[in-house]
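**Q** Can you keep this structure in mind? I'll have questions shortly.
Just so it is clear, none of the values below were taken in a lab; they were calculated from the coordinates. All figures in this text were calculated on a predicted structure; none of them were measured in a lab. Here the Cβ is made from the backbone with ideal geometry for all residues, glycine too, and neighbour counts use every protein chain on show.
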Amino acid sequence: MLPQSLAPKVSVDAQGKVKPCTIETGSLAEQAGFQHDRGERSKEPSPAKCREAPTEDSGVTRVFVLSKDGTPLMPCHAARARELLAKGKAVVVRRYPFVIRLKHNPIAPETQPVAIKLDPGAKTTGIAIVRITPDVHHVLHLSELIHRGAAIKDSLVKRATYRRNRRSRKTRYRAPRFNNRTRPEGWLPPSLQSRVDNVTSWVARYRRWAPITSIVVETVRFDTQKLLNPEISGVKYQHGTLFSCELREYLLEKFQRTVRLLRKEQHPL
């Protein structure tokens, strides 16, 4: 295994267990309150709920703050946000994630190093916004981005089925056109491209709400064959330790032919 650096300590400012927020890219939750570029919108919250700042139990340990001109400031505590809203010194920009905008610009705003950390996954991507200090990383916001790659794949399969059925009907002759279709360089399947676009879009949104100075992506992939043989390349990847070896003979050689294998009728190998 490749050597890894020691992970810094993580501190959660909120008391109790912090539940991450869930961001659904397919069917939007009713409590989300945001709109995608495709025009999907959840149920609009009531004006009374829009004026309420979230508590620690909602999973948002800090509230994003913008200055009067829209410059992102350091996130504040939920109690501080409720105080600003009650005194009329701030207005609600969006409810999920909860973002407020001050009605005045601070005289000398001070920001600290803030990093957004991504834990990519096939179905869910974890997002954490932390305040960086020399010894401890303080968690400011946690969220989970649920991808809709499976739904996209099902839609593509359904579309392919419709096209295949249309070709088999007794319709007029259609010249084949599949040889004219080309893919640009760097093409990704729609399900994977959707995952990349979702992560990129939400990182851009968080950068508008928090003074993010760095982006950290967790990648734990490593090549075991490359570790054993740094010069391996090409077709040699397919010639592993079990290449051209039957399972039964492999087991006999592994245990030096000192074990008695089950009969083929009972446990076929």
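**Q** Indicate the gyration tensor shape class of region 148-253 (rounded, prolate or oblate), computed on the Cα atoms with a ≥ b ≥ c the square roots of the eigenvalues: a/c under 1.5 is rounded; otherwise a/b larger than b/c is prolate and the rest oblate.
**A** oblate
**Q** Sticking with this one: For a quick check: sort V217, V235, V92 by the number of other beta carbons within 10 angstrom, fewest at the front.
**A** Lowest to highest Cβ neighbour count: V235, V217, V92.
**Q** While we're looking at this one, here's another question. Hey, if you drop one equal point scatterer on each alpha-carbon of region 170-232 and run the Debye formula without solvent, what base-10 log of I(q)/I(0) do you get at q = 0.12, 0.21, 0.28, 0.30 Å⁻¹?
**A** One equal scatterer on each Cα of region 170-232 leads to -0.70, -1.01, -1.16, -1.21.
**Q** I would also like to ask the following. For region 84-190, which GluC sites (Glu not before Pro) are in a loop by DSSP, counting at most 10 other Cβ atoms within 10 Å?
**A** Hits after loop and neighbour filter: E110, E185.
**Q** Scan region 183-249 for chymotrypsin sites (Phe, Trp or Tyr not before Pro) in coil per DSSP, keeping those whose Cβ has at most 14 other Cβ atoms within 10 Å, and list them by number.
**A** On the way: sites: W187, W202, Y206, W209, F222, Y237, F243; in loops: W187, F222, F243.
Loop-located and lightly packed - W187, F222, F243.
**Q** Between D223 and R164, with labels modelled 7 Å along Cα→Cβ, what's the label distance in nm to one decimal, could you check?
**A** Modelled inter-label distance: 3.6 nm.
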